[in-house]
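Chemist: Mind looking over this structure? Questions follow.
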Amino acid sequence: MAQSHNEEVTVEGSYTPHIKKSERLTQTPDTPKHEFNIPHYEVNTEDFFYSYKIESEPISPIQYKQNGGYDITNNFIKLGLGTRLSPDLIFRHYSDITRRMSLGLGITHNSTWLGMKDYDNAKYMNNAFKLSTTNRFSGFQLHSYINYHYDTYHLNYDNDGDYDYDYDNDSDNDYDGDANTRREIHSLNVKLLANNNQTSYKSLYNEFLLDYSYTGIRGGIQENLAKFKAHLEHSNSWFRKNNGVQTLSADIEADINNISQTLFLISANPYLAFDGEYYNLHLGFRVDAKTNTTSMGGIYPDIKGSLYLFERNFEVYAGLGGKTKINTLKEILTENPFIISDMTKFGEFDYEKTKIDFQGGLNFKALNKISGHAGISYRKIDNHVFYVSSIDQVGAFDIILNNCNIFNFDFDLIYNIREDIKIAASFAFNKYDMIYEECNDSLIDANEEIVNKKAWYKPETEFMLKGIYSMNDNWDFNIAAYVEGKRYALIGYETTEKLKPVCDIQLGCDYNLNDELSFYAEIKNLIHNKYQMYYGYPSYGFQAFLGFKYRF
């Protein structure tokens, strides 16, 4: 919690694993930050060990994605074909146009064209285009990103095989006969990030970010989201000049979101950090102000502390905070693209308020081979988003906002057994305490006690395992497995359904013909487990992919 270290994995409160900064101790700062960067439910184009060993996700990729900028390290193409006529294309290009300007380009496509019992043909198609530039000036750098996504999903139908609803209620569409089962999501994200070239010690360092996002469902709802962020900091040795550095910082953020109605949130977060040989202390507070009168903003503590032991190979940390944020269409569709709720009603679409956010735990590293993290967290949240099956439309979902307390325990471990064998594992236990109140979803006219009973689709336990074995210069093998415990779905606001546990295993093999060209084979969902990510949408089951990778 005290300082930024290698990114590692903590899975928490969702059916997909999420990457977060777990604040590891690092003895070798030059180690690539993407080492053991376990994919988070999308095709990951960055190296597993900076050598393109694994790029594909261990969970079936039925999900809309809108990601920000990324660092491009190579010129790279991956092209393959799966057993369900599933093309998989990744292209990345990086070049220095001039001494002061760099250009990055990325194209991604994956889809499935053969259907199965539970789906229509062409169940999904994901396309992404990314363009990034970095301009270096005498006093600052300017980074710009343009990301465009176009995603299509064919939706579930009833038991008779007849489509009996119009998913997006678009009577003017000009699609073919199965138009009423298709959903198209368009999204555009533009970012400008400027930071000065000064060092942060004894000089003023600053960053400014402008971020605009458009997210829209064709024939449905549209969102425009704008963000402004500023970070200012100055470091010096005002206290204990011979031992330690102090940093005075401030973060200012303003978010404007418009979905028929406009939500506005502004926050300020000043803090003072003390860095010493054996400790780090972060003292500050956060103030949120918003325009919606149905709920107030807040003032939250921002306190973090770490104690370093055994030559900084062992860190004990704790922190207390809180925040208010806007529930955005962009985030909601990222998790569940089959939503039909009317987002224009504040009863369904509102601010999420984390009243208490406590975290504590330890990070450790041993023998330059093992690093790990064990931690607990407790959060008290108002207006947390959950999903329930719609009463009116088969295969569609509504949003409900419930208050809950969340306890989480997570454990991560990375073990470099030998130079040719490396493994990573993570485990999470999540306990949701749902707080019964009158349901704030104006569309729900049912038993509110049932609606508020469980944390719908949130797993209690999650486990991820990933490993790689380099047999020689030509052959590399890898495995990725994800296991998720019991989850519950609410059907028709009346019936509770216990979903089949998730167990998804992926195997991969690379044959490196030379330093530039490799051929690969992948197997997804090895045991053909037809788990349901959301009720009515089981995974595709077993799939095999063959293709090549070329670095140039």
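The values are calculated or read from the model by the stated rules, or taken from the named source; none is laboratory data. The structure presented is a predicted model; accordingly, all values stated were derived computationally and were not measured. Please note: Cβ atoms are built from the backbone with ideal geometry, for glycine as well, and neighbour counts cover all protein chains shown. Remember, those area values only see protein heavy atoms, side chains included, never the ligands or the DNA or RNA. Shrake-Rupley method; radii C 1.70, N 1.55, O 1.52, S 1.80 Å.
Chemist: Under 30 Å from residue 509 (Cβ atoms), modelled with pLDDT of 90 or more and under 19 Å from the mean Cα position of the chain (by Cα): does that describe residue 426? Steps first, please.
Modeler: Details: under 30 Å from residue 509 (Cβ atoms): yes; modelled with pLDDT of 90 or more: yes; under 19 Å from the mean Cα position of the chain (by Cα): yes.
When the stated conditions are applied, residue 426 passes them.
Chemist: Can you report the number of residues in segment 495-552 which are outside any strand (DSSP E or B), among the aliphatic types (A, V, I, L, M) and at pLDDT below 90?
Modeler: Adding up the residues that qualify gives 0.
Chemist: Please state which one of 264, 274 is closer than 25 Å to residue 365 by Cα and of a type in the set (Phe, Trp, Tyr).
Modeler: From the options 264, 274, the qualifying one is 274.
Chemist: Give the residues of segment 526-543 that are surrounded by fewer than 16 Cβ atoms within 10 Å (Cβ to Cβ) and aliphatic (A, V, I, L, M), sorted by residue number.
Modeler: The one that is surrounded by fewer than 16 Cβ atoms within 10 Å (Cβ to Cβ) and aliphatic (A, V, I, L, M): 527.
Chemist: Mind checking whether some residue in segment 376-387 is open to solvent by 50 Å² or more (accessible area, probe 1.4 Å), hydrophobic (A, V, I, L, M, F, W, C) and within 25 Å of residue 283 (Cα to Cα)?
Modeler: yes
Chemist: For segment 510-526, give me each residue that is in contact (Cβ under 8 Å) with a residue 60 or more places away in the chain and small (Gly, Ala, Ser).
Modeler: Selection gives 518 alone.
Chemist: If we keep just the residues of segment 247-302 that are among the aliphatic types (A, V, I, L, M), open to solvent by 40 Å² or more (accessible area, probe 1.4 Å) and over 25 Å from the mean Cα position of the chain (by Cα), which is farthest from residue 354 (Cα to Cα)?
Modeler: Among those that are among the aliphatic types (A, V, I, L, M), open to solvent by 40 Å² or more (accessible area, probe 1.4 Å) and over 25 Å from the mean Cα position of the chain (by Cα), it is 248.
Chemist: Moving to a separate point now. Restricted to segment 304-360, and to residues that are among the acidic types (Asp, Glu) and under 30 Å from residue 258 (Cα atoms), which residue is modelled with the lowest pLDDT?
Modeler: 348
Chemist: On to the next question. Do any strands (runs of 3 or more DSSP E) lying entirely in segment 103-222 carry at least 3 residues that are over 23 Å from residue 328 (Cβ atoms), of a type outside the set (Asp, Glu) and at pLDDT 90 or above, and which ones are they?
Modeler: Of the strands (runs of 3 or more DSSP E) lying wholly inside segment 103-222, those with at least 3 residues that are over 23 Å from residue 328 (Cβ atoms), of a type outside the set (Asp, Glu) and at pLDDT 90 or above span 124-136.
Chemist: Of everything in segment 394-420, what is open to solvent by 40 Å² or more (accessible area, probe 1.4 Å) and either under 29 Å from residue 333 (Cβ atoms) or among the hydrophobic types (A, V, I, L, M, F, W, C) (or both)? Give them in sequence order.
Modeler: 394, 407, 409, 411, 413, 417, listed by residue number.
Chemist: Six or more apart or on different chains, Cβ under 8 Å: which pairs go from a residue in segment 492-509 that's at positive phi to one that's open to solvent by 30 Å² or more (accessible area, probe 1.4 Å) and not small (Gly, Ala, Ser)? Could you list them?
Modeler: 492/391; 493/391; 493/447; 493/450
Chemist: Aliphatic (A, V, I, L, M), in a strand (DSSP E or B) and open to solvent by 40 Å² or more (accessible area, probe 1.4 Å): is that true of residue 225 in this structure? Can you show your working first?
Modeler: Values: aliphatic (A, V, I, L, M): yes; in a strand (DSSP E or B): yes; open to solvent by 40 Å² or more (accessible area, probe 1.4 Å): no.
So residue 225 fails the test.
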